[in-house]
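Novice: Take a look at this one; I'll ask things after.
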Amino acid sequence: MEMPIHTFEAPRLRSLAKQGLPAIVEGTVMPLAIFYGALWAVGMWGALIAALSWSYLAILRRVVRREPIPGLVLLSALALTVRTALAMATGSVFFYFLQPSLGTALLGFAFLVSMSTGQPLVQRLARDFLPVTPDFFTNPFVRRFFMRISLLWATVMLANAGVTIWMLFELPVSVFVVSKTAASIAMTGAAIIYSVFWFRRLFSPAAARAA
């Protein structure tokens, strides 16, 4: 008896952008932009408070409107809370910049560990970005894809953390902030592009016929 093959149409890039961009803007782009803007206007400590305040306001806005809170926004708020508390407790912004790299490294290891559970962390985060039904994630081809993509993102995050920590120790703070942002955007952007390309190729008509 032949098992039925379920095929899925890969979401269009426009749909992916519409689903995921708001969470990316709220969780990463806006806190970073507010931090840089406040850094020149009110100084380092004011910038820390401004970035953290934005994250909590983004969450509060969704709670008031009774909208679901994207996982990326929650993770960003949690990370900023820990970073700001650590910087204020130590009185040094060095730990504010060091903590994200350590967090990125830990997240990379978390991606690796989640692969052994059969529920990759990347798959859980993807629910914020993919406009599909929950049944989509039960497909064996989808599960296999997320297992493989978890390894890719774990590698990218560990490399990102390593490069950032090296720059933090070797470069002046003013140069570090710009260099770190550029390097992170380059590595993360390349991983996103490759992930989308791999996803669309996996669920292309040719791949479905091969399956």
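Novice: Hey, can you tell me all the residues within the stretch 137-166 that are out of contact with any Leu (no Cβ under 8 Å at 6 or more places or on another chain) and of a type in the set (Ser, Thr, Tyr)? Quick ask: steps written out before the conclusion?
Specialist: First, pick out the residues of the stretch 137-166 that are out of contact with any Leu (no Cβ under 8 Å at 6 or more places or on another chain): 137-140, 142-144, 146-149, 152-153, 155-156, 158-160, 162-164, 166.
The answer is THR138, THR155, THR164.
Novice: If I ask for residues that are modelled with pLDDT under 70 and not aliphatic (A, V, I, L, M), which ones from the stretch 117-132 would you list?
Specialist: The answer is ARG127, ASP128, PHE129, PRO131.
Novice: Restricting to the stretch 39-66, name every residue that is at pLDDT below 80 and either buried (at least 16 other Cβ atoms within 10 Å of the Cβ) or under 20 Å from the mean Cα position of the chain (by Cα) (or both).
Specialist: LEU39
Novice: Do you know which residues across the stretch 83-127 are over 20 Å from the mean Cα position of the chain (by Cα) and either part of a helix (DSSP H, G or I) or surrounded by 15 or more Cβ atoms within 10 Å (Cβ to Cβ) (or both)?
Specialist: Of everything in the stretch 83-127, those that are over 20 Å from the mean Cα position of the chain (by Cα) and either part of a helix (DSSP H, G or I) or surrounded by 15 or more Cβ atoms within 10 Å (Cβ to Cβ) (or both) turn out to be ALA85, LEU86, ALA87, MET88, ALA89, THR90, VAL93, PHE94, PHE95.
Novice: I'm trying to understand the selection: among the residues of the stretch 167-179, which are modelled with pLDDT under 85 and touching a Leu at 6+ places or on another chain (Cβ under 9 Å)? Full working, then the answer.
Specialist: Step one: of the stretch 167-179, the residues modelled with pLDDT under 85 are 172-178.
Answer for the stretch 167-179, where residues must be modelled with pLDDT under 85 and touching a Leu at 6+ places or on another chain (Cβ under 9 Å): PHE176, VAL177.
Novice: Right, here's the next one. Looking at GLY37, GLY103, GLY118, can you tell me which residue is within 24 Å of ALA182 (Cβ to Cβ) and in the same structural domain as LEU152 (by TED's automatic domain parsing)? Steps first, answer last, please.
Specialist: On the way: GLY37 fails: in the same structural domain as LEU152 (by TED's automatic domain parsing); GLY118 fails: within 24 Å of ALA182 (Cβ to Cβ).
Only one candidate passes the filter, namely GLY103.
The values are calculated or read from the model by the stated rules, or taken from the named source; none is laboratory data. Quantities reported herein were computed from a predicted structural model and do not represent experimental measurements. Note: ideal-geometry Cβ built from the backbone for every residue, glycine included; neighbour counts use all protein chains shown.
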